[in-house]
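The values are calculated or read from the model by the stated rules, or taken from the named source; none is laboratory data. The structure displayed is predicted, hence computed values, not measured ones. Methodologically, a virtual Cβ is constructed for each residue, glycine included, from the backbone with ideal geometry; neighbour enumeration extends over all protein chains shown. Calculation scope for accessible area: heavy atoms of the full protein, side chains included, ligands and nucleic acids excluded. Shrake-Rupley method; radii C 1.70, N 1.55, O 1.52, S 1.80 Å.
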Amino acid sequence: MSEKAIIRARAQQLRARFEAAGAVVAETPVLQPAEVLLDLYGEDIRARAYVTSDSLLGEQMLRPDFTVPVVQMHMEHGAEPARYTYSGEVFRRQEEDTRRANEYTQVGYEIFDREAPAAADAEVFDLIGQALQPLNVRAATGDIGLLLAAVRGLDTTDARKAALERHIWRPRRFRALMDRFAGRVEPPASRLALLAQDAPMQSGLPFIGLRGPEEVEARIDALREDAGAMPISQGQIDLLDALLNVRETLPFALEQLRDLAVDMPAITEAVYCLQDRIEALDKRGVKVDEVEFEGSFGRTNMEYYDGFVFGFYAEGRADLPAVASGGRYDALTKVLGQGREIPAVGAVIRPEVVLQLEASA
């Protein structure tokens, strides 16, 4: 039997587990409409997607994951609540690290249910964990919703909060913005020189590029507004750093986050959601006192995640990617539902990695 056939057979076994849990098999085309979907993936996947064009279909891309097309399918035709499973190949360019596969298999489980989000989070996490139970893996969890709430609660301009929110998934860029908005770093000299001019639009220099005078003037006005904004206080920076540095098992992380919420009330609702999730996990028999929570976890995952995020990793095998990963993506359903929305959470397993771990056990 060929290697691909072995992977496909293992994927079918994993998918059968999710079918037994009540999921309906979802099929999505390998070719997806690039114009509609690329912006939903974030900068990393956009840069790594295989894009082509067709005279009839327009710009197309090879499927970089299943979640987005499954959400699109559900928002167009699905009933509620719904559970889906799938298996098949996804494709991503790996020019920065040629050791990583540019074609691999995903097996997934997705829940669309507005009644009990915490129970749905626990169900996905638990079913993935059960599928990986024979393997020596550790689980890590986080919550992008906490970070989004913390940023939205900062005492600064809406423009600065929007910039920070956009770069939550790029930690270095996020840190650079925080340092600048806190007044720790001076803006570039070219920007200072531009803002020092009384009427930069009347310099007489020709326009170069695609932006017209109105766009350039609007950008200069935005830079002037930003330059006049008060710095983010050191106290708020310290609180945000404390949130990002939380690293404990779930019960102890909850206690730390409750303490932080006293001085950072914007995260209070997200902390209650975490509490509900821990209780739901405990009800399903998950040993919550052994599950890690990391305040910064998920910041290099898919940018459509906006709540609970998690991953399962092989102990002692830093050379391997996550065996499984997933999270909550409520906002994505609103975008693809054209105003309609439904809470949703899902995860994928990589059967190739499962096979590697089983072979070395």
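If the viscosity is 1.306 mPa s and the temperature 10 °C, what Stokes-Einstein diffusion coefficient in µm²/s follows for the range 259-361 when Rh is the Kirkwood radius over Cα pairs? List each step's numbers first, then the result.
Numbers: Rh = 16.0 Å.
For the chosen part, D equals 99 µm²/s.
With unit charges on the beta carbons (Lys and Arg positive, Asp and Glu negative) and the dipole taken about the Cα centre of the chain, which residue among Ala9, Leu239, Gly78 sits farthest to the positive side?
Ala9
For a Förster distance of 25 Å, can you work out the FRET efficiency between the beta-carbons of Ala9 and Glu43, rounded to the nearest 0.05?
My answer for the efficiency is 0.10.
Show which aspartates and glutamates lie in cross-link reach of Lys4 when reach means a straight Cα distance below 17 angstrom and same-chain residues fewer than eight apart are skipped.
Filter leaves Glu89, Glu103, Glu352, Glu358.
Kindly write out, for the range 20-28 in residue order, the coupling ³J(HN,Hα) from the Karplus curve 6.51 cos²θ - 1.76 cosθ + 1.60 (θ = phi - 60°), rounded to whole Hz, with x marking Gly and Pro.
Karplus-based 3J(HN,Hα) across the range 20-28 equals 5, 7, x, 7, 8, 6, 10, 10, 10 Hz.
For Arg340 and Leu57, FRET efficiency with R0 = 35 Å and r from the beta-carbon atoms, rounded to 0.05?
So the FRET efficiency works out to roughly 0.85.
Could you please tell me the mean projected area of the C-alpha convex hull for the chain, averaged over all directions and given in square nanometres to one decimal?
Averaged projected hull area, Cα only: 21.8 nm².
Per 0.36 nm of contour for each residue apart, how much would the distance between Ala176 and Ala242 grow if the chain were fully extended, relative to their Cα-Cα spacing?
Taking Ala176 through Ala242 to full extension adds about 22.0 nm, to one decimal.
Given all pairs of different Cα atoms, what value in angstroms does the Kirkwood hydrodynamic radius of the range 303-361 take?
Kirkwood radius, the range 303-361: 13.1 Å.
Kindly report the accessible area of the chain per residue (heavy atoms of protein chains, probe 1.4 Å, no ligands, DNA or RNA), in Å².
Numbers: 18710 Å² over 361 residues.
Value for the chain: 52 Å² per residue.
P(r) of the range 12-128 in 10 Å steps, Cα pairs, percent per bin?
Taking every Cα pair in the range 12-128, the percentages come to 13, 38, 34, 14, 1.
I'd like the Karplus ³J(HN,Hα) series for the range 296-303: coefficients 6.51, -1.76, 1.60, θ = phi - 60°, whole numbers in Hz, and an x wherever there's a Gly or Pro.
Computed from phi, the couplings for the range 296-303 are 9, 5, x, 7, 10, 8, 4, 6 Hz.
Per the helix-only calculation at 222 nm, which mean residue ellipticity applies to the chain, given -39500 (n - 2.57) for every DSSP H run of n ≥ 4 and division by its residues, nearest 500 deg cm²/dmol?
-14000 deg cm²/dmol
Can you order the peptides 345-352, 256-263, 138-145 by their average number of other Cβ atoms within 10 Å per residue, highest first?
Peptide ranking by packing, descending: 345-352, 138-145, 256-263.
I'd like to compare 230-238, 266-274: which one has the highest average count of other Cβ atoms within 10 Å, and what's the full order after that? Can you show the working numbers first?
Details: 230-238: 14.6, 266-274: 19.2.
The peptides rank, most packed first, as 266-274, 230-238.
Carbon and sulfur together cover what percent of the accessible area of the chain at a 1.4 Å probe radius?
On the way: 9380 of 18710 Å².
Ligands and nucleic acids excluded, carbon and sulfur reach 50 percent.
Would you list, by chain and number, the lysines whose Cα falls below 28 Å from the Cα of Lys334, excluding same-chain residues fewer than 8 positions away?
Counting by Cα, and skipping residues close in sequence, Lys334 has these lysines nearby: Lys161.
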